[in-house]
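For reference, the structure discussed in these notes is given below.
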Amino acid sequence: MAQTQGVSLTYRYLRVGIVSMVLALFAALALQISADRASAGPGEEWWLASISTYFYTPVQNILVGVTVVVGLCLIAIKGRDGEDVLLNFAGMMAFLAGVVPTPLRPDACAGEPYCLEVPERVANNVGALLIAGLAVLVLATWPRRRHLVRRDGWDLWATWAVWAVVAGWHLAWPTSFLGWAHYVAAVLLFLCLIAVAWVNGRDVAVTSGPDERTRGLSPDRYRRTYRVVAVAMLAVLIVGLGVHFGFRASGWALPPQTLFTVEALLLLLFAVFWVLQTIEFWEIGLPAKARTAE
């Protein structure tokens, strides 16, 4: 019983950590936007077009730190079979989206300290992540090496494939990587999180025995809410991508703060989902299927 309670506490702290990191990011953004508005002159821009662009402001440390911490927590949290792979991939994409910023024009922030030597920093940070990721993959694969020739080793192959694609893209086409890696990683991150929310909305066996209980809503209401969150996140993502590429194809200027609004809505919906997860699994730590798969 003590061991079970310890496991529950560990996952509880991981989930609380994710929620607190998202809150820290919104707080940093609010403080920076308020400061920029107070110091802006007439007609000067004080609200940047996207959350990602705040990498080039004093928010940078919090933005990168939050994505790295959230990515690590997502990887550490155990999920159901397919959900666990989605959480791992989401964590990997969070790392990438955090250390590779959205690209800016060379003259967009010339001379600003947060804009200097971005290619060099990306090369260093991504290289470090690839080296660390390779070591982790070797350690994770070795105990399951026999699974590589069986069907249940598909997750290992998929993880190695993601690592190889990122490494190959970064090394062979660094300019393309610098220009597109952030966008690709961010979209894949949110797609994985949408799928995780949907998986939680479909699981009818969260507990494994009569002595276990979840907090907050009833299991059925949790499932319905998770499905609503998943559909809402998917709708926001599709509409955001459609507006972005539609305006680019038409040659029109994107309305101000469109991307900021899309990113903020996705993060808020993700936060809602994770707060509900934290409450639901407060006592039991993991859903029954995840514990069975351990």
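The values are calculated or read from the model by the stated rules, or taken from the named source; none is laboratory data. Remember, predicted model here, so these are calculated numbers, not experimental data. Here the Cβ is made from the backbone with ideal geometry for all residues, glycine too, and neighbour counts use every protein chain on show.
List of remarks:
- Residues (polar (S, T, N, Q) and within 19 Å of L72 (Cα to Cα)) located in the stretch 19-35: S20
- Residue ID - nearest to H182 (Cα to Cα), chosen from residues in the stretch 23-55 that are of a type in the set (S, T, Y) and within 20 Å of the chain's Cα centre (by Cα): S52
- Test: residue in the stretch 32-53 that is in a helix (DSSP H, G or I) and touching a residue at least 40 places away in the same chain (Cβ under 8 Å): yes
Quick grid of which residues meet (1) under 30 Å from G285 (Cα atoms); (2) not charged (D, E, K, R):
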residue	(1), (2)
S218	yes, yes
R224	yes, no
M233	yes, yes
V243	no, yes
G246	no, yes
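- Look at (1) at pLDDT 90 or above; (2) more than 20 Å from L74 (Cβ to Cβ) and you find that P210 fails only one, number (1).
- Residues being more than 15 Å from V100 (Cβ to Cβ) and within 19 Å of the chain's Cα centre (by Cα) - total across the stretch 163-186: 1
- Output for the stretch 240-257, where each listed residue is within 28 Å of A195 (Cα to Cα), exposed (fewer than 14 other Cβ atoms within 10 Å of the Cβ) and among the aliphatic types (A, V, I, L, M): L241
- Conditions (1) part of a loop (DSSP other than H, G, I, E, B); (2) buried (at least 17 other Cβ atoms within 10 Å of the Cβ); (3) without any contact (Cβ under 8 Å) to a residue 40 or more places away in the chain; (4) not aromatic (F, W, Y): number failed by T67: (1)
- Residues of the stretch 141-192 satisfying the condition of being touching a residue at least 24 places away in the same chain (Cβ under 8 Å) and of a type in the set (G, A, S): A158, A167, G179, A181, A185, A186
- Filter pass, V136 being in a helix (DSSP H, G or I) and either of a type in the set (K, R) or under 27 Å from R12 (Cβ atoms) (or both): yes
- Residue tally, condition surrounded by fewer than 19 Cβ atoms within 10 Å (Cβ to Cβ), of a type outside the set (K, R) and modelled with pLDDT under 90, over the stretch 261-292: 4
- Verdict on D220 being in contact with a Lys or Arg (Cβ under 7 Å, 6 or more places away or on another chain) and more than 17 Å from L269 (Cα to Cα): no
- Some residue of the stretch 56-67 being under 22 Å from the mean Cα position of the chain (by Cα), among the aromatic types (F, W, Y) and modelled with pLDDT of 90 or more: no
- Search result, residues across the stretch 195-206 that are crowded, with 24+ Cβ neighbours inside 10 Å and of a type in the set (V, I, T): V196
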